[in-house]
Amino acid sequence: MDEHETCCDPSDLQHPQHGYLEHKEAHLRRLRRIEGQVRGLERMVDEEKYCIDILTQIAAVNSALKSVSLELLSEHMDHCVVRAARAGGQESEAKIAEANQAIARLVRS
């Protein structure tokens, strides 16, 4: 099993799954909407639409993706990182470092 397959120890029956699963369907709906926006961008280019209109839609897609990523990050912090912090030790340090790296990637994007 990959270390990222579940954010929590599978033997921990109180928190055996990823933190985002409570809102999984909402996340999937948003991602499908974003997928539709990206297909719309492809259509716009194919139909040779005005470049500023395409750039406006690209900005909307970027904003939507950033919003989803921030929600997932928040859920990860609330669930996996809090759990690891309570456990303490090396697990805590690893989850906090992992979260910091994810935040740094989001800030750079």
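What follows is calculated from the coordinates using simple rules that are stated; it is not laboratory data. Since we're looking at a predicted model, the values are computed, not measured. Don't worry about glycine lacking a Cβ; one is built from the backbone with ideal geometry, like all the others, and counts go over all protein chains shown.
See the values below:
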quantity	calculated
Acute angle (nearest 10 degrees) that the helix 89-108 long axis makes with the longest principal axis of the chain, alpha-carbon atoms	10
Segment 20-108: Rg to Rh, with Rh as the Kirkwood radius over Cα pairs	1.15
Dipole moment magnitude, nearest 20 debye, the chain about Cα centre, only Lys, Arg, Asp, Glu C-beta charged	400
